[in-house]
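Report on the structure given below.
Readers should treat all values here as calculations from the given coordinates under stated rules, not as data from a laboratory. Only a predicted model underlies this, so the values are computations on that prediction, with no experimental measurement involved. Virtual Cβ from ideal backbone geometry, glycine too; neighbours counted across all protein chains shown.
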Amino acid sequence: MMLWFFRLLAGLSAIGAAYTIWLDLTSQYSPSLSMGKFWYDRSPQSLQHAETIVSRYLDPCGLITALDCTPFLWHPTISMLLGAPAALDFIGLTIIFGLLSGRSMANKKGKKPNLRRFRNNG
């Protein structure tokens, strides 16, 4: 199940990479489109909601006040990725999801029972 999920995500990321490369090549004004601009042009409210959710509920420094540290997950980590060219981000996601689908396939192959052993033992 996870194999197909990661393959689907890798395929969608590859389609996103191809689309943003096409946008970059056909654009007259800018050489490359940043991931933040690409996301904001399609759905500005989801970008703002994602920042809120990550900062409040996923970042350990924002979630656990006893740590007494500054949040680091959205600023600078995710904001750095949003400033990078969208095609590079999508290509990176394609590689990551492709590797994860290969890893889950290797785990799936490793769990198969040895049928010869069952035949030899009766």
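Each residue of the range 72-86 is assigned a 3J(HN,Hα), and the resulting list reads 10, 6, 7, 9, x, 5, 6, 5, 5, 5, 6, x, 6, x, 5 Hz, derived from the Karplus form 6.51 cos²θ - 1.76 cosθ + 1.60 (θ = phi - 60°), x at Gly and Pro. With a cut-off of 15 Å on the backbone N, no residue of the range 63-102 is near the modelled label site 7 Å out from SER43 along Cα-Cβ.
Phi-derived couplings, Karplus 6.51 cos²θ - 1.76 cosθ + 1.60 at θ = phi - 60°, listed residue by residue for the range 49-65: 5, 5, 4, 5, 5, 5, 5, 8, 10, 9, 6, x, 6, x, 7, 10, 6 Hz, with x used for Gly and Pro.
What is the gain in length, in nm to one decimal, between ARG56 and TYR29 on full extension, counting 0.36 nm per residue of separation less the C-alpha to C-alpha distance?
Working: separation 27, 0.36 × 27 = 9.72 nm, distance 3.64 nm.
Extending this stretch completely gives an extra 6.1 nm.
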